[in-house]
DNA sequence: ATGATTTCTTGATATTTGTCAAGAGCAAAA
DNA sequence: TTTTGCTCTTGACAAATATCAAGAAATCAT
């Protein structure tokens with residue numbers, strides 16, 4: 001059983017085998033190499049990907065700086081939601097940080113799921129709410145915490161990422177420079 | 001036609017009159033006075049409200065500080081989504097900043113809409129995506145902007161709030177102290 | 001209208017974080 | 001293996017923001 005199947009099962013509880021097979025059959029296993037781009041900003045994002053294994057980084061890059069907005073790990077979806085849904089140019093760039101395996105669905109196939117699986121909208125809604133809550137927490141962390149507090153919280157809950165993701169990207173994700181990040185780390189290790 | 005009807009119409013485009021009436025009939029007009037609490041943290045949030053007129057502030061208050069997480073203006077919904085959906089204790093407190101009129105629906109009635117209006121899940125999804133994008137933007141603003149830049153952007157896009165909302169709440173919403181907020185304002189006016 | 005309370009502004013100072021620069025360490029390419 | 005390029009750390013200094021305090025202004029309660 002794949003991560004995708006487990007993910008869907010975890011939301012539906014006991015899920016009809018047929019429905020599960022139907023949903024999963026519309027996702028295609030897609031390997032991408034470290035450094036490869038899943039999406040470039042300005043392009044239409046016409047697919048939704050689920051990380052079976054590996055890491056994806058979602059970021060914006062301008063002349064002066066690069067901002068890491070999100071890092072998708074195993075078990076997370078990755079897309080530019082606004083572009084995917086409203087068919088606008090994508091704002092984000094998505095790149096693999098390591099060799100990565102995705103389950104990817106096109107927008108056309110995505111639209112079919114609702115017709116094939118009656119409970120699909122329920123899964124969709126729960127998925128969006130889950131994302132919403134994560135984002136809400138992140139905003140709250142910026143409103144209420146110092147950089148060091150955010151580091152501590154993130155380290156406590158994502159320890160394994162520190163060996164897998166370049167530290168500068170974690171720093172950016174938490175809203176600080178790599179220098180500040182290093183200083184905080186040094187403080188914590190002493 | 002109420003704000004709620006206009007809101008729903010703006011998502012469905014041309015909407016079946018019957019469907020619109022059905023949805024709207026499940027929302028009850030609810031006035032609340034300035035200072036009144038719509039929701040207290042720790043309680044179950046069992047309703048979803050739409051702001052017909054007025055202002056609601058969503059915040060967390062602890063011994064040391066109070067963090068304003070969101071301010072719902074006319075045309076926005078207000079709820080603790082996690083509590084509403086998963087029936088957990090609410091994290092946020094929601095209070096009226098001025099006399100406010102809401103269209104409020106209970107969770108039980110909310111569940112009925114999907115059975116009565118076939119396209120409801122589509123509206124629901126678009127609503128969630130709209131919120132998602134707003135949240136994404138807010139996170140990005142914290143990762144990539146200074147407090148002053150956030151102030152400028154917010155002022156440009158929400159000018160009318162500056163006469164309606166206590167400035168300390170806007171400061172908190174943007175992630176800065178009232179002192180910093182005042183200093184930035186002074187700078188902008190000269 | 002008056003008094004009490006709260007909000008907002010401002011100054012002084014402290015703290016946090018960013019910028020710039022350079023060196024050490026690590027990873028990738030040849 | 002060596003060379004090149006990139007990442008991370010560290011120091012010095014600058015800038016942004018928070019904290020503390022007090023006064024002015026605005027709002028609320030009577």
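Laboratory data are not the source of any read-out in this text; all were calculated from the coordinates shown. Being a predicted model, the structure only gives us computed values, none of them experimental. Positions of Cβ are generated from backbone atoms using ideal geometry, with glycine treated the same way; all protein chains shown enter the neighbour counts.
Things worth noting here:
- Each of A:174, B:4 has some number of other Cβ atoms within 10 Å of its Cβ, and from fewest to most they run B:4, A:174.
- Per-residue Cβ neighbour rank within 10 angstrom, fewest leading, B:92, A:70: A:70, B:92
- Across the copies of the chain, residue A:122 has label points (7 Å from Cα along Cα→Cβ) spaced 2.2 nm apart, shortest distance listed first.
- Compared with the dominant principal axis of the Cα atoms in chain B, helix B:147-157 is inclined by about 50°.
- Residue exposure sequence - B:80, A:99 - by fewest surrounding Cβ within 10 Å: A:99, B:80
- Against chain B, whose longest principal axis comes from its Cα atoms, helix B:178-188 is set at around 80 degrees.
- In nanometers and ordered shortest first, the copy-to-copy spacing of the residue A:168 label point, defined 7 Å from Cα toward Cβ, is 4.2.
- Using every pair of separate Cα atoms, the Kirkwood estimate puts the hydrodynamic radius of the protein assembly as shown at 22.6 angstrom.
- For region A:1-56, fraction of C-alpha pairs farther apart than 13 Å, in %: 67
- Evaluated at q = 0.10, 0.15, 0.22 Å⁻¹: base-10 log I(q)/I(0), Debye formula over Cα of region A:3-119: -0.31, -0.68, -1.25
- Relative to the other identical copies, residue A:42 shows label-point distances of 5.4 nm, where the label point lies 7 Å from Cα along the Cβ direction and values run shortest first.
- Shielding of A:128-134 by partner chains, average beta-carbon count, 10 Å: 6
- Burial order of peptide ranges B:134-144, A:56-66 (average beta-carbon count within 10 Å, highest first): B:134-144, A:56-66
- Shape parameters for region A:75-115, alpha-carbon atoms, Rg then Dmax in Å: 11.9, 35
- Helix B:107-116 vs. chain B, principal-axis angle (Cα, 0 to 90°, nearest 10): 50
- Using only Cα coordinates, the Kirkwood hydrodynamic radius of region B:145-190 works out to 10.4 Å.
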